[in-house]
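In what follows, a single structure is set out as structure tokens and then discussed.
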Amino acid sequence: RGMNSMTGFGRGEAEMAGYCFTVEVKSVNHRYLEPNIRLSRKMAALESPIRGLLKQRLGRGKVDMLIMYENHNEAQGEVKVQQAKLEAYVRALREQAERFGLTDDLALSHILQLPDVLTSEETQEDFTALEPALMEAVGEALDQLCAMRAREGDALKRDLTEKLEELGVLVEEITQRAPLVVKEYKEKLYARIAEHVSAGVDVEPGRLETEITIFADRCCIDEELTRLKSHIRQYRQMLEKNEPVGRQLDFLTQELNREANTIASKANDLTVTKQALALKNVIEKMREQIQNIE
């Protein structure tokens with residue numbers, strides 16, 4: 001099945017017993033499956049199996065389905081002349097003509113245009129018997145929709161895989177840089193102390209180690225880096241699952257962003273801060289992409 005996008009379009013057609021069904025379906029991203037089926041009231045009995053098929057084929061997305069039909073049968077209804085209504089119109093019009101001395105120019109074409117003179121009785125259409133054709137058209141539309149969602153999903157998967165590679169590189173760079181931050185702080189601290197000592201200022205040896213320990217603890221990001229690496233591994237595993245994973249990826253992306261924020265706030269180093277901001281930039285692009293994953 002692979003990863004699917006929630007965006008797509010499909011169209012299906014089928015014919016049966018002189019009826020031609022056309023089905024159009026489109027979907028966009030949504031937190032849950034939200035189907036909206038538009039069809040004639042005459043086909044209301046068939047909405048339930050259509051809705052069931054949608055739930056079977058799609059995991060998430062706002063889905064709009066339009067179902068149209070044409071009846072190509074010759075006898076589509078009977079037109080009747082309402083005799084009593086026609087006679088009433090003729091009698092009333094002639095009375096007025098005589099009363100006002102008007103020329104009697106009544107014509108059948110005029111009278112037939114008056115309200116309720118002509119009525120039509122539509123034949124009762126049994127759409128239950130036509131269910132196989134309708135479901136065939138619905139199935140074809142869903143096949144096209146799902147194929148498009150799958151193609152979009154493959155593109156999203158490739159893009160996210162590339163971004164995970166970028167994250168991996170940045171995390172490794174931060175991992176290499178992090179130990180040097182404390183080392184450089186220690187060297188700078190000792191250099192400053194050496195200046196004070198040469199100037200005759202007494203310095204407590206234990207105080208230096210305490211300062212270094214406090215600094216190292218304050219800017220330690222080992223746990224954040226470990227969690228980042230774990231989240232990236234989980235992300236890769238999710239991308240290979242043959243089931244909807246959009247919600248899980250959304251959660252993992254929030255967790256990635258949380259760790260990147262913590263690293264940026266604890267860094268105490270310009271290089272690490274820049275790398276953490278680069279992490280956040282990639283994660284934000286990923287967040288935008290996964291909004292469309294089923």
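The values are calculated or read from the model by the stated rules, or taken from the named source; none is laboratory data. Fair warning: this is a prediction, and the values are worked out from it, not measured in the lab. All Cβ positions, glycine included, derive from the backbone under ideal geometry; neighbour counts span all protein chains shown. In case anyone asks, the SASA skips ligands and DNA or RNA and just uses the protein heavy atoms, side chains included. Shrake-Rupley method; radii C 1.70, N 1.55, O 1.52, S 1.80 Å.
Filter segment 14-38 down to residues that are modelled with pLDDT of 95 or more, of a type in the set (A, V, I, L, M) and farther than 15 Å from ASP143 by Cβ and give me whichever is most open to solvent (accessible area, probe 1.4 Å). So, considering only residues that are modelled with pLDDT of 95 or more, of a type in the set (A, V, I, L, M) and farther than 15 Å from ASP143 by Cβ, the one most open to solvent (accessible area, probe 1.4 Å) is VAL28. Whenever a residue of segment 258-270 is more than 19 Å from ILE283 (Cα to Cα), its partners that are at pLDDT 85 or above, lying with C-beta atoms within less than 8 angstrom and at least six residues away or across chains, give the pairs ASP269/ARG177. All of ALA260, ALA267 fail the test of being of a type outside the set (Ser, Thr, Tyr) and modelled with pLDDT of 95 or more, apart from ALA260.
The criterion of being within 29 Å of the chain's Cα centre (by Cα), surrounded by 15 or more Cβ atoms within 10 Å (Cβ to Cβ) and more than 14 Å from VAL171 (Cβ to Cβ) does not hold for GLU243. Scanning segment 61-81 for residues that are at pLDDT below 95 and either buried (at least 16 other Cβ atoms within 10 Å of the Cβ) or not in a strand (DSSP E or B) (or both) turns up TYR69, HIS72, ASN73, GLU74, ALA75, GLN76. Among the residues making up segment 127-139, a single one is open to solvent by 10 Å² or more (accessible area, probe 1.4 Å), modelled with pLDDT of 95 or more and of a type in the set (A, V, I, L, M): MET135.
Scanning segment 263-279 for residues that are open to solvent by 40 Å² or more (accessible area, probe 1.4 Å), farther than 14 Å from LEU225 by Cα, touching a helix residue (DSSP H, G or I) at 6+ places or on another chain (Cβ under 9 Å) and not in a loop (DSSP other than H, G, I, E, B) turns up THR271, LEU277. No other residue among LEU118, LEU142 is surrounded by 13 or more Cβ atoms within 10 Å (Cβ to Cβ) and either modelled with pLDDT of 95 or more or within 24 Å of the chain's Cα centre (by Cα) (or both) apart from LEU142.
Pairs linking a residue in segment 163-179 that is within 16 Å of ILE221 (Cα to Cα) to a residue that is of a type in the set (Ser, Thr, Tyr), with Cβ atoms under 6 Å and 6 or more positions apart or on different chains, are ARG177/THR271. From GLU152, GLU173, which residue is outside any loop (DSSP other than H, G, I, E, B), surrounded by 18 or more Cβ atoms within 10 Å (Cβ to Cβ) and among the charged types (D, E, K, R)? Result: GLU152 is the single residue among GLU152, GLU173 that is outside any loop (DSSP other than H, G, I, E, B), surrounded by 18 or more Cβ atoms within 10 Å (Cβ to Cβ) and among the charged types (D, E, K, R).
Residues in segment 211-237 that are touching a Leu at 6+ places or on another chain (Cβ under 7 Å) and farther than 16 Å from GLY168 by Cα were compared, and the one that is most open to solvent (accessible area, probe 1.4 Å) is GLU211.
Evaluating THR213 against the criteria (1) modelled with pLDDT under 95; (2) closer than 30 Å to SER5 by Cα leaves one unmet condition, (2).
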